[in-house]
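Working notes for the structure below.
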Amino acid sequence: MIKKVLIANRGEIACRIARTCRKLGLEVATVHSSAERFARHVREIGESVEIGGAAPAESYLRIDAIVAAARRVGADAVHPGYGFLSENADFVRALDAAGLTFIGPRAETMERIGGKASAKIEAQRAGVPVIPGSPGGMKDPAEVLRLVQSMPLPVLLKAVAGGGGRGMAVVETLDGLEGRIESAMREAEKAFGNGELIVERYLPRVRHIEVQVAGDGQGQAIHLFERECTLQRRHQKVIEEAPSAGLPEPLRQAILADAVKLAASVEYRGLGTVEFVVAGDEYFFLEVNPRLQVEHPVTEEVTGLDLVALQLQIADSGALPLSQAEVRCTGHAFEARLCAEDPAAGFLPATGRLQLVDFSRAGVRIESGVESGDEISPHYDSMIAKLIAHGPDRDAARRALLAGLRGSTVIGLPTNLQFLQELLEWPQTRDASFHTRLIDERYAPAGAAAGAAATGVVPIEHLAAAALYWLAQWRAQTPELGCWTLGELTGWRVNTGALVPAPQPALLLKQGANEWPVRFSGLSAQGSYRLRIAEEEIEATQRQIGAGRYLLLCKEHALELTICSASEQIELASALGTAVLSATSYLGGVASDAAAGGQLLAPMMGKVVAVKAQAGDAVVTGQTVVVLESMKMELHVTAPFNGNVSSLRCQVGDMVERHQVLAEVSPV
């Protein structure tokens with residue numbers, strides 16, 4: 001009987017497995033690299049062994065180190081999670097030799113169906129339809145060339161050892177084919193240590209359906225229904241759901257039956273996934289993943305089963321704890337993968353520190369391996385969390401997930417949070433008319449230009465909140481100004497009558513090519529300001545209500561926001577979405593009196609870092625003449641009216657005092 005489990009993994013899946021182990025009364029420990037000594041999975045699990053350096057090859061892929069770690073903590077079983085060593089037959093044999101239970105299939109089963117080429121052979125043997133092409137892996141470039149030339153184009157070259165969309169190339173023309181084949185083999189050898197290629201008919205507009213199977217290792221197998229994994233980018237899954245979306249029932253039943261038939265034919269033990277592609281009314285076997293999948297929670301939501309518990313029960317007893325008749329599918333579930341990546345830059349992964357991660361208002365199931373203050377490392381995947389929603393029907397589940405995403409806050413790194421919300425609203429997502437190339441065709445070709453255009457839409461509430469946040473932060477950083485702080489920063493004067501925005505901007509907010517100059521009034525008796533943001537004038541009040549949380553009252557609208565800043569950048573999130581703005585100071589305060597007469601004064605002590613106009617140059621209202629750097633921020637000193645620079649009294653590199661004359665402008 002299993003008593004203690006070592007989790008040979010990291011991140012959210014390590015936390016997820018530990019939760020079930022403890023629910024079943026099992027002790028648990030884990031492992032970590034030198035880069036993750038204080039990672040969330042280490043903190044939550046509470047016992048962990050350091051197994052090597054930051055790179056996976058130096059830690060999470062070290063079989064000897066993990067076996068030694070299991071012995072050190074007194075574990076009698078090892079759960080591999082997903083990725084890393086979860087599909088490595090040598091790892092399973094090493095555990096067997098050490099007397100440790102591997103929570104997964106046997107090594108020989110893994111060899112039969114874990115590789116794409118061998119799995120295709122097993123599928124054909126079991127009578128499961130496969131994609132036309134090579135029967136298995138091919139090592140000879142000349143044989144690959146002859147096969148491709150004999151097939152209708154396009155053709156897919158696929159690395160035998162590849163995964164997650166890596167090691168794949170589409171051949172659409174025979175021009176330069178020999179060189180492309182040799183290049184694909186070299187890349188496969190370099191990336192995976194195996195240069196073999198599978199050649200298949202390329203199916204560009206397909207759906208990706210996978211079936212969750214469970215087996216006892218003695219020829220008995222069942223299915224836990226299917227998942228739809230069609231929404232992908234570059235073969236990487238983005239949103240998954242269960243059950244599939246609108247497959248004809250006969251086709252669905254045939255896919256389920258073939259998945260069970262294949263699992264039974266190889267005497268599969270534990271949990272695994274049999275994957276298929278669907279093209280029209282045809283379906284073809286794709287591959288087997290002999291492990292737990294990232295998207296397993298959607299199956300848990302519709303079946304009510306704990307799949308990790310099921311894995312442990314099979315490994316412990318060697319039997320299936322339930323029959324096919326006992327498995328029910330109720331309602332619908334969606335999962336979204338929230339990642340640190342920039343959709344506007346081709347989904348490039350982002351690394352660094354997460355200032356704030358908050359799912360307290362999401363209202364859906366969250367599986368995450370990070371918290372506020374944690375780092376996304378370049379050594380591992382960029383996933384921040386998985387959000388999972390269940391509903392009585394597909395649209396209810398979709399809307400619940402959308403609400404969960406809108407209620408989530410992640411600040412500090414670019415994420416795909418906004419993109420996921422947009423994707424759930426696409427017509428093709430709503431009516432399940434999607435295919436695996438949809439995101440690549442609709443979004444990726446637009447590239448950064450599409451993302452840049454979208455960033456220009458910033459609600460006035462976000463601009464007001466950023467401006468008032470900046471004002472409060474600046475005041476806190478400049479205590480030497482004492483009771484005059486407000487006047488120095490807003491251009492407000494005593495005894496000037498009604499509160500109106502100052503004649504000169506105090507702040508410039510920017511996002512991409514868009515700019516919004518901001519003018520402040522003084523503080524009213526009710527605690528509000530009048531702000532002119534570009535050409536719009538509003539009255540707003542903002543109060544801090546918690547760490548990083550603020551309540552904005554603006555235009556008869558109360559809005560809670562999360563706001564953080566670093567250097568000149570302000571990042572905020574609310575029910576209206578997210579925004580990242582840069583904030584730089586303009587000339588303002590008492591210096592505006594001098595500006596009215598043409599004198600441009602330094603608003604604070606600082607260093608001249610740029611001179612944008614010379615004596616004799618014509619300038620227009622708002623044009624930057626001098627740029628100062630003070631307190632790690634840039635201060636833009638601008639022309640107060642249209643005119644000519646009559647004198648310039650500073651140069652780059654000068655240190656200037658507050659209110660020192662920098663330049664003079666004469667009206668035209």
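Summary table below
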{"item": "For the range 222-239, 3J(HN,Hα) per residue [Karplus equation, 6.51 cos²θ - 1.76 cosθ + 1.60, θ = phi - 60°, Hz, x = Gly/Pro]", "result": "9, 10, 10, 6, 10, 10, 9, 10, 6, 6, 9, 10, 6, 6, 9, 5, 10, 10"}
{"item": "Hull volume in cubic angstrom per residue (convex hull over the Cα atoms of the range 132-201)", "result": "73 Å³"}
{"item": "Alpha-carbon centroids, the range 319-390 and the range 416-443: separation in whole Å", "result": "18 Å"}
{"item": "Burial ordering of LYS510, LYS116, fewest other beta-carbon atoms within 10 Å first", "result": "LYS510, LYS116"}
{"item": "Space enclosed by the convex hull of the alpha-carbon atoms of the range 168-282, per residue, Å³", "result": "137 Å³"}
{"item": "Expected 222 nm ellipticity per residue - DSSP helices of 4 or more, -39500 (n - 2.57), all of the chain, to 500", "result": "-8000 deg cm²/dmol"}
{"item": "Long-range HN-HN contacts of GLU47 with modeled amide H, under 5 Å", "result": "THR30"}
{"item": "The range 189-255-the range 621-668 distance, computed between alpha-carbon centres (Å)", "result": "63 Å"}
{"item": "Over the range 4-103 - Rg/Rh using Cα atoms and the Kirkwood inverse-distance radius", "result": "0.92"}
{"item": "Note, ³J(HN,Hα) from phi for the range 542-556, Karplus 6.51, -1.76, 1.60, rounded to Hz, x at Gly and Pro", "result": "9, 10, 7, 10, x, 5, x, 10, 9, 10, 9, 10, 7, 6, 6"}
{"item": "Relative contact order of the chain, pairs being alpha-carbon contacts under 8 Å that are 6 or more residues apart, as %", "result": "8 percent"}
{"item": "Spacing of the two label points (7 Å from each Cα toward its C-beta) at ALA513 and LYS3, in nm", "result": "6.9 nm"}
{"item": "R0 of 56 Å, Cβ-Cβ distance ASP306-ARG649: FRET efficiency to nearest 0.05", "result": "0.15"}
{"item": "Estimated translational D of the chain in µm²/s (Stokes, Kirkwood radius over Cα pairs; 10 °C; 1.306 mPa s)", "result": "56 µm²/s"}
{"item": "Ascending count of other beta-carbon atoms within 10 Å, so fewest first, for LYS237, LYS386, LYS261, LYS555", "result": "LYS555, LYS261, LYS237, LYS386"}
{"item": "Amide H within-cut-off set for ILE239, under 5 Å, with H built and near neighbours excluded", "result": "LEU231"}
{"item": "ASP76/PHE192 FRET efficiency (R0 30 Å; Cβ-Cβ; nearest 0.05)", "result": "0.40"}
{"item": "ILE63 paired with ALA547, simple spin-label distance in nm, labels 7 Å along Cα-to-beta-carbon", "result": "4.5 nm"}
{"item": "MET168, MET138, MET110, MET151 arranged by Cβ crowding within 10 Å, fewest neighbours leading", "result": "MET151, MET168, MET138, MET110"}
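Quick note: the coordinates plus some simple rules give every number you see, no bench work behind them. All values reported here derive from a predicted model rather than from experimental measurement. Because the Cβ atoms are built from the backbone with ideal geometry, glycine has one as well, and the counts that use them run over all protein chains shown.
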